[in-house]
Every structure is written in structure tokens, then in C-alpha cells.
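**Q** My questions will all concern the structure given below.
The values are calculated or read from the model by the stated rules, or taken from the named source; none is laboratory data. Just so it is clear, the model here is predicted, and its values are computed rather than measured. Please note that ligands, DNA and RNA were not included when accessible areas were found on the heavy atoms of the full protein model with its side chains. Shrake-Rupley method; radii C 1.70, N 1.55, O 1.52, S 1.80 Å.
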Amino acid sequence: QVCPRLRTPQLPIWLCSITGRHGVLFGTDSLLLSDWKTERAFHLYFYNGQQEQTKTAHLTIDTHSHHWEEDRSEDPSSPGKRHPSVEMAIRTKWAGATVSWNGTDPFF
């Protein structure tokens, strides 16, 4: 029998397989599971345990960003328009969200 806390976690947590590597994306605000208003701007953390990641990445997610203000003159396939796989995984849940890496160099 599965423990009730495993079926209904108290904090948001996702196990991810991104580009063949496994990691954990998690938050520390339990309201993110139950109150849609907290999904406007919130923090998530990502850890994959790989050698190149020395500390947990602290990400700030903004789901009400103004994506239409992006520079349209730049080619979408140019290196400046490419997004890390972690960001793309986050956007499967929150489409159009912007992700700030808070000083950490984006990886994946």
C-alpha cells in the first residue's frame, strides 16, 4: 500500500528526464499545489547531481511575462533565441513563462 503522502505530496516536485539525464525540479511553497494565484511568479529549484552542477539552480518563474515584447527582428533559430531544455520542460506546464536563472549559468 502506498503512503498517502506519496500519493499527495505536500510540496511540488517533479522528476524529470531531460536530454537523457535525470533531475529533480521542486518548489518550497505548498500553495503552488492548491492555489492557482501563486502561479503568477514563484521559485523552483533544479538539481541533477551531475558533476558540472555544483549547487542547486534557483529559478524564478514568471507566468505573466510579456512575450510579445521580445525582439522579433532576431531569427528564432539563432543562438540568442535558443532556450535550455530545463526551461522548455517548465513551459510544458506553464506555457509562455519566462525563467530567470538568478545568476546561475543556464545548463542542459
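**Q** Probe radius 1.4 Å, ligands and nucleic acids left out: which of His64, His58 has the largest accessible area, and how do the rest follow? Intermediate results must be reported in sequence, preceding the final value.
**A** Working: His64 105, His58 60 Å².
Reading off the accessible areas and sorting them downward yields His64, His58.
**Q** Compare Ser65, Ser30 by solvent-accessible area with a 1.4 Å probe and give them largest first, with all protein chains kept in place. It would help to have the intermediate numbers written out before the result.
**A** Values: Ser65 20, Ser30 60 Å².
Descending accessible area places them as Ser30, Ser65.
**Q** Report the accessible area of Asp35, computed with a 1.4 Å probe over the heavy atoms of all protein chains in place, in Å² rounded to the nearest 10.
**A** For Asp35, solvent-accessible area is about 50 Å².
**Q** Taking a ≥ b ≥ c as the square roots of the eigenvalues of the Cα gyration tensor of region 1-54, is the shape rounded (a/c under 1.5), prolate (a/b larger than b/c) or oblate?
**A** Oblate, because a/c is 1.5 or more while a/b does not exceed b/c.
**Q** What list of ³J(HN,Hα) values in whole Hz, one per residue of region 48-54 in order, does the Karplus curve 6.51 cos²θ - 1.76 cosθ + 1.60 (θ = phi - 60°) give from phi, with Gly and Pro shown as x?
**A** With the stated coefficients, region 48-54 comes to 10, x, 6, 4, 6, 9, 8 Hz.
**Q** With θ set to phi - 60°, apply the Karplus curve 6.51 cos²θ - 1.76 cosθ + 1.60 along region 99-106 and write out the HN-Hα couplings as whole Hz, x wherever there is a Gly or Pro.
**A** Coupling constants for region 99-106: 10, 9, 8, 6, x, 7, 5, x Hz.
**Q** Additional query: Rank these by accessible area, largest first, 1.4 Å probe: Cys3, Cys16. Working shown, then result.
**A** Details: Cys3 70, Cys16 20 Å².
If we order Cys3, Cys16 from most to least accessible, we get Cys3, Cys16.
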